[in-house]
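Have a look at the structure below before the remarks.
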Amino acid sequence: MEPIRILALDGGGMRGIIPARFLQLLEIRLNEQRKAKGLGPKPLYSYFDIIAGTSTGGLISAALTMPSPTRPGLPKFSLQEIIDIYTKDGERIFPKPGLWRKVKGYVLGGETLYAPDGIEAVLREKMADVRLKQTLKPVLICSYDIYNNEPRFFKSREAHETEEENFTLFHACRSTSAGPTYFPPCNFKHGSRQFNCIDGGVYINNPSIGALAELIKHSRYYLGERRIEETLSNVHVLSVGTGRYTGQLSIRESERMSAVKWIQPLLDIMMYGVNQTTDYVQKQVLEEKTNYIRFNVVVDKKEYSAMDNAAPDALSYWDGLAKTEFTNKTAEIDTFMQASGMLTQV
């Protein structure tokens with residue numbers, strides 16, 4: 001029975017360079033195995049049946065599956081080009097905010113830390129008018145619609161079923177990356193419907209559980225006549241994080257923090273709590289190591305904990321963490337690749 005593979009990519013701002021580098025190293029390793037068998041290289045997206053992402057992970061999901069305008073069947077961006085977006089365009093997305101903008105954002109409540117101009121310019125340059133229906137593999141990009149007060153999942157499957165769900169990747173990515181306090185919501189109309197979306201990290205920062213639910217609920221679309229009850233043992237989920245900061249709030253700090261000072265720690269707690277809960281649930285549902293694997297790194301330096309740090313030294317630090325962890329987890333990664341049939345796929 002053919003395996004079903006899900007790739008899920010966490011949110012985490014500029015720390016998205018961690019999953020981007022991990023995926024590049026994974027693609028290299030897979031293609032080395034193919035070369036040894038006399039086979040040509042394959043792009044990473046082609047190994048997965050669903051690719052899900054939240055926030056920066058949503059942007060990577062879109063970039064992985066966006067079709068090349070000149071090379072049929074291949075993605076527009078290589079993984080190195082996705083990494084380059086972080087290193088070359090990061091400071092356009094997260095320019096260092098001045099003191100007055102911080103005061104207006106955190107104290108006066110006048111605006112977010114960053115204007116949307118930078119991220120919108122980058123997204124328009126990279127994605128143009130490509131729509132969900134055009135992705136090379138089904139994607140699921142997560143956001144929350146505060147206008148309609150409901151989760152908003154941008155899905156390729158729904159885009160194929162009706163034009164009403166065939167959103168642009170620009171709107172899907174701008175929505176999933178609209179982190180509260182960082183960027184204003186993505187306010188847009190699609191057909192006759194109004195949306196005002198924020199970062200899906202507020203409730204599903206690790207989107208692997210959303211992707212698994214999508215597969216189970218719509219198994220006929222993904223599996224044809226195969227029943228999900230008979231194939232769950234053949235479902236393989238690769239979940240990739242953006243780093244876990246190990247710093248703690250002391251009891252004294254937490255007792256003395258004002259409402260304003262709680263804003264940023266609260267967002268981080270919500271994100272990490274969701275990640276850990278999702279990881280726990282997946283380990284109960286799927287066999288660990290063979291059917292479910294979680295790749296993440298430990299961020300142990302406070303100066304590199306902020307998700308909006310676009311400085312070259314921060315990117316270099318996170319990039320180094322991803323490379324080291326990939327090397328350390330090579331055996332586990334190989335076990336998952338073998339169990340999921342990635343090494344035998346032609």
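The values are calculated or read from the model by the stated rules, or taken from the named source; none is laboratory data. Here the structure is a predicted model, which means the values were calculated and not measured. Reconstructed Cβ throughout: ideal geometry from the backbone, glycine too, with neighbour counts over all protein chains shown. Remember, those area values only see protein heavy atoms, side chains included, never the ligands or the DNA or RNA. Shrake-Rupley method; radii C 1.70, N 1.55, O 1.52, S 1.80 Å.
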### Query
Relative to the longest principal Cα axis of the chain, at what angle does helix 330-339 sit, 0 to 90 degrees, rounded to 10?
50 degrees
### Query
With the Cα gyration tensor of the stretch 109-153 giving a ≥ b ≥ c as the square roots of its eigenvalues, does the rule (a/c under 1.5 for rounded; else a/b larger than b/c for prolate; else oblate) give rounded, prolate or oblate?
oblate
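Counting only DSSP beta bridges with both residues in the chain, what percent are antiparallel, rounded to the nearest 5? Provide the component values of the computation, followed by the final result.
On the way: 16 of 37 bridges.
Restricted to the chain, the bridges split so that about 45 percent are antiparallel.
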### Message
Within the chain, what whole-number % of the accessible surface is contributed by carbon and sulfur, with the 1.4 Å probe and all protein chains included in the calculation?
### Response
53 percent
### Task
Return the whole-Å distance between the Cα centroid of the stretch 23-64 and the Cα centroid of the stretch 167-193.
26 Å
### Query
Say each of ASP268 and ASN149 gets a label point 7 Å from the Cα, pointing the same way as Cα to Cβ; how far apart are those two points in nm?
3.2 nm
### Cα extents of the chain along the three principal axes, largest first (Å)
59, 49, 39
## Note on the structure
Row for the stretch 113-249, column shape: gyration tensor on C-alpha, a ≥ b ≥ c, rounded if a/c < 1.5 i.e. under 1.5, prolate if a/b over b/c, else oblate; value oblate
### Task
Mind checking the full-extension length gain between ASP313 and TYR221? Use 0.36 nm per residue of separation minus the Cα-Cα distance, one decimal, nm.
28.7 nm
### Query
So how do 186-195, 75-84 stack up, highest first, on mean other-Cβ count within 10 Å?
75-84, 186-195
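Order 131-144, 31-44 from most to least packed using the mean count of other Cβ atoms within 10 Å. Working shown, then result.
Values: 131-144: 24.2, 31-44: 12.7.
With the highest mean Cβ count within 10 Å placed first, the list reads 131-144, 31-44.
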## Note on the structure
Expressed in nanometres to one decimal, the distance between label points 7 Å along Cα→Cβ at THR290 and LYS35 is 3.1 nm
### Task
On a 0 to 90° scale, report how tilted helix 117-127 is relative to the longest principal axis of the chain, with both axes built from alpha carbons and the result rounded to the nearest 10.
10 degrees
### Query
Considering only THR65, ILE17, PRO312, whose Cα is most displaced toward the positive end of the charge dipole of the chain, charges sitting on Cβ of Lys, Arg (+1) and Asp, Glu (-1)?
PRO312
### Query
In terms of Cα to Cα distance under 12 Å, which aspartates and glutamates are near enough to LYS217, apart from those fewer than 8 places away along the same chain?
GLU229
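Set the Förster radius R0 to 25 Å, insert the Cβ-Cβ distance between GLN194 and THR70 as r into 1/(1 + (r/R0)^6), and round the FRET efficiency to 0.05.
Working: r = 36 Å, r/R0 = 1.45.
So the FRET efficiency works out to roughly 0.10.
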### Task
Would you please classify the overall shape of the stretch 291-346 from the alpha carbon gyration tensor, given that a ≥ b ≥ c denote the square roots of the eigenvalues, rounded means a/c under 1.5, and beyond that prolate means a/b larger than b/c while oblate covers the rest?
prolate
### Summary
Toy charge model, Lys and Arg Cβ at +1, Asp and Glu Cβ at -1: the chain dipole around Cα centroid in debye, rounded to 20, equals 360 debye
### Task
Sort the following peptides by mean Cβ neighbour count (other Cβ atoms within 10 Å, averaged over residues), highest first: 320-331, 166-177.
166-177, 320-331
### Task
Take the Cβ-Cβ distance between LYS302 and TYR203 as r, set R0 to 22 Å, and report the resulting FRET efficiency rounded to the nearest 0.05.
0.25
#### Entry: Whole-number accessible area per residue in Å² for the chain, which is evaluated in the context of all protein chains at 1.4 Å
46 Å²
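What pairs from LYS35/LYS301; LYS88/LYS189; LYS35/LYS155; LYS96/LYS133; LYS96/LYS302 go past 27 Å between their alpha carbons? Write down the numbers at each step before the final one.
Values: LYS35/LYS301 39 Å; LYS88/LYS189 31 Å; LYS35/LYS155 34 Å; LYS96/LYS133 36 Å; LYS96/LYS302 18 Å.
Result: LYS35/LYS301; LYS88/LYS189; LYS35/LYS155; LYS96/LYS133 exceed 27 Å.
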### Query
What is the helix-to-structure angle for 312-328, meaning the angle in degrees between its Cα long axis and the longest Cα principal axis of the chain, kept from 0 to 90 and rounded to the nearest 10?
30 degrees
